[in-house]
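The values are calculated or read from the model by the stated rules, or taken from the named source; none is laboratory data. Everything quoted here is computed from the prediction, not taken from an experiment. Cβ placement follows ideal geometry from the backbone for every residue including glycine, while neighbour counts extend to all protein chains displayed. These area figures cover heavy atoms from the full protein model, side chains too; ligands, DNA and RNA do not enter into them. Shrake-Rupley method; radii C 1.70, N 1.55, O 1.52, S 1.80 Å.
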Amino acid sequence: MSDKKDLVSSKKNLMTSIDNVYEMYIRMLALLSEITEYTAVDAIERSNKHFPTAEDLNPNQKLLHNKFIVTLQKNPDFQAAVNKYQVNWNSEPDFLKTIYNKLKSTPEYAAYLADPDESLESSKEIIKFIFRKIILKSLNIIQAFEDKFINWSVDKEVMQGMVAKTIKNFSSEDPFKNKLTPISADWEEDSKFVQDLFAYTLRNNEAYQKMIAERTKNWESERIALMDTILMKMAICELLNFPSIPVKVTINEYLDLSKDYSTPKSNSFINGILDKILGDLKRTDSIHKIGRGLIEE
């Protein structure tokens with residue numbers, strides 16, 4: 001009973017960690033939105049100076065009406081996600097002020113304000129600049145995300161890709177016609193795959209460990225990176241329990257993961273061990289593929 005409870009709890013934590021990536025994405029979009037909104041705050045502060053200039057009294061607020069951001073703000077899915085995650089960057093006014101002031105000092109922002117083009121496509125360029133060159137290079141903002149999300153260092157690239165894809169794919173000024181970027185193209189199917197892979201790997205942990213141990217007898221256990229062991233167990237699990245996934249797809253997938261998440265030598269090490277284990281599994285007729293899983297190319 002305890003093992004079952006542990007599995008349920010672990011799966012819940014896994015799905016929460018995946019949802020955190022989506023929350024990270026929504027918070028970043030919301031930050032971009034709030035930075036454009038700060039244009040109005042800055043305009044008020046400038047007009048309240050003791051000796052405001054003509055420009056202070058009539059500042060260029062083009063960013064406040066940025067078409068990409070306006071469309072995003074009116075998107076019902078974005079509004080729902082902001083409410084779900086209770087995102088409110090206004091509670092961090094110093095962050096917004098620092099970013100906005102840094103933006104104001106750049107030639108890119110000056111060029112944006114001087115350009116009469118206010119089309120949706122044109123509006124995306126300054127948003128991409130703010131995201132890539134201002135926000136992602138702000139140590140304070142990075143620290144804020146690190147404090148909020150324990151896996152920031154690993155998940156940030158996924159989040160960045162999702163933001164970039166959203167900016168690219170928002171092609172209509174009708175907010176109802178644009179879609180936010182999902183975690184995956186078919187999350188219902190992929191969610192089941194993730195949970196099944198996780199559960200099968202845990203349930204068969206000892207058996208998979210034994211297979212690996214048999215093929216690493218000449219290696220001292222402390223020399224084998226923990227991540228390498230985890231990746232090999234997942235690969236064995238996928239080979240044995242997911243008949244529609246081709247063998248080569250599985251092997252290549254985990255070799256790619258090793259490049260991103262393990263040591264420089266892990267790729268060749270994992271490839272060698274999995275090749276031997278694959279041979280063992282084929283000799284015992286343990287691998288049974290169907291449909292697309294039969295593809296060898």
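If only residues of segment 56-71 that are open to solvent by 30 Å² or more (accessible area, probe 1.4 Å) and free of Cβ contacts under 8 Å to residues at least 24 places away in the same chain are counted, the one that is nearest to Asp174 (Cα to Cα) is Val70. Output the residues belonging to segment 161-187 that are over 15 Å from the mean Cα position of the chain (by Cα) and not hydrophobic (A, V, I, L, M, F, W, C). The answer is Lys168, Asn169, Ser171, Ser172, Glu173, Asp174, Pro175, Lys177, Asn178, Lys179, Asp186. Mind listing whichever residues of segment 151-167 are out of contact with any helix residue (DSSP H, G or I) (no Cβ under 8 Å at 6 or more places or on another chain) and more than 13 Å from Tyr22 (Cα to Cα)? Hit for segment 151-167 is Lys165, nothing else. Filtering segment 31-59 to residues that are in contact with a helix residue (DSSP H, G or I) (Cβ under 6 Å, 6 or more places away or on another chain) and among the small types (Gly, Ala, Ser) leaves Ser33, Ala40, Ser47.
Within segment 275-285, being in contact (Cβ under 8 Å) with a residue 12 or more places away in the chain and either farther than 17 Å from Ala235 by Cβ or open to solvent by less than 40 Å² (accessible area, probe 1.4 Å) (or both) holds for Ile277, Leu278, Leu281. Within segment 85-106, can you find the residues that are outside any loop (DSSP other than H, G, I, E, B) and open to solvent by less than 40 Å² (accessible area, probe 1.4 Å)? Across segment 85-106, the qualifying residues are Tyr85, Trp89, Leu96, Ile99, Tyr100, Leu103.
Matching residues to (1) closer than 25 Å to Lys156 by Cα; (2) buried (at least 19 other Cβ atoms within 10 Å of the Cβ); (3) modelled with pLDDT under 95:
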{"position": "Ala30", "(1), (2), (3)": "yes, yes, no"}
{"position": "Ile44", "(1), (2), (3)": "no, no, yes"}
{"position": "Ser47", "(1), (2), (3)": "no, no, yes"}
{"position": "Ala54", "(1), (2), (3)": "no, no, yes"}
{"position": "Gln73", "(1), (2), (3)": "yes, no, no"}
{"position": "Gln79", "(1), (2), (3)": "yes, no, no"}
{"position": "Asn83", "(1), (2), (3)": "yes, no, no"}
{"position": "Tyr109", "(1), (2), (3)": "no, yes, no"}
{"position": "Tyr112", "(1), (2), (3)": "no, yes, no"}
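A count restricted to segment 123-150 and to residues that are of a type outside the set (A, V, I, L, M, F, W, C), modelled with pLDDT under 95 and open to solvent by less than 70 Å² (accessible area, probe 1.4 Å) stands at 1. Can you tell me which residues in segment 255-268 are crowded, with 17+ Cβ neighbours inside 10 Å and either acidic (Asp, Glu) or in contact (Cβ under 8 Å) with a residue 40 or more places away in the chain (or both)? Of everything in segment 255-268, just one residue is crowded, with 17+ Cβ neighbours inside 10 Å and either acidic (Asp, Glu) or in contact (Cβ under 8 Å) with a residue 40 or more places away in the chain (or both), namely Ser266. Each residue in segment 221-249 was checked for being touching a helix residue (DSSP H, G or I) at 6+ places or on another chain (Cβ under 9 Å), among the charged types (D, E, K, R) and modelled with pLDDT under 95, and 1 pass. Assessment of segment 162-185 against the conditions (under 30 Å from Ser33 (Cα atoms) and acidic (Asp, Glu)) yields at least one matching residue.
Do you know which residues across segment 152-166 are surrounded by 14 or more Cβ atoms within 10 Å (Cβ to Cβ) and either out of contact with any Ser or Thr (no Cβ under 6 Å at 6 or more places or on another chain) or of a type in the set (Asp, Glu) (or both)? Within segment 152-166, Trp152, Asp155, Lys156, Val158, Met159, Gln160, Val163, Ala164 qualify.
When the helices (runs of 4 or more DSSP H) confined to segment 107-207 are screened for residues that are within 22 Å of Tyr25 (Cβ to Cβ) and of a type in the set (Gly, Ala, Ser), those reaching at least 1 such residues are found at 120-129, 139-148, 152-169, 187-203. None of Asn271, Asn252, Asn218 is open to solvent by less than 80 Å² (accessible area, probe 1.4 Å), at negative phi and either among the polar types (S, T, N, Q) or modelled with pLDDT of 95 or more (or both) except Asn271.
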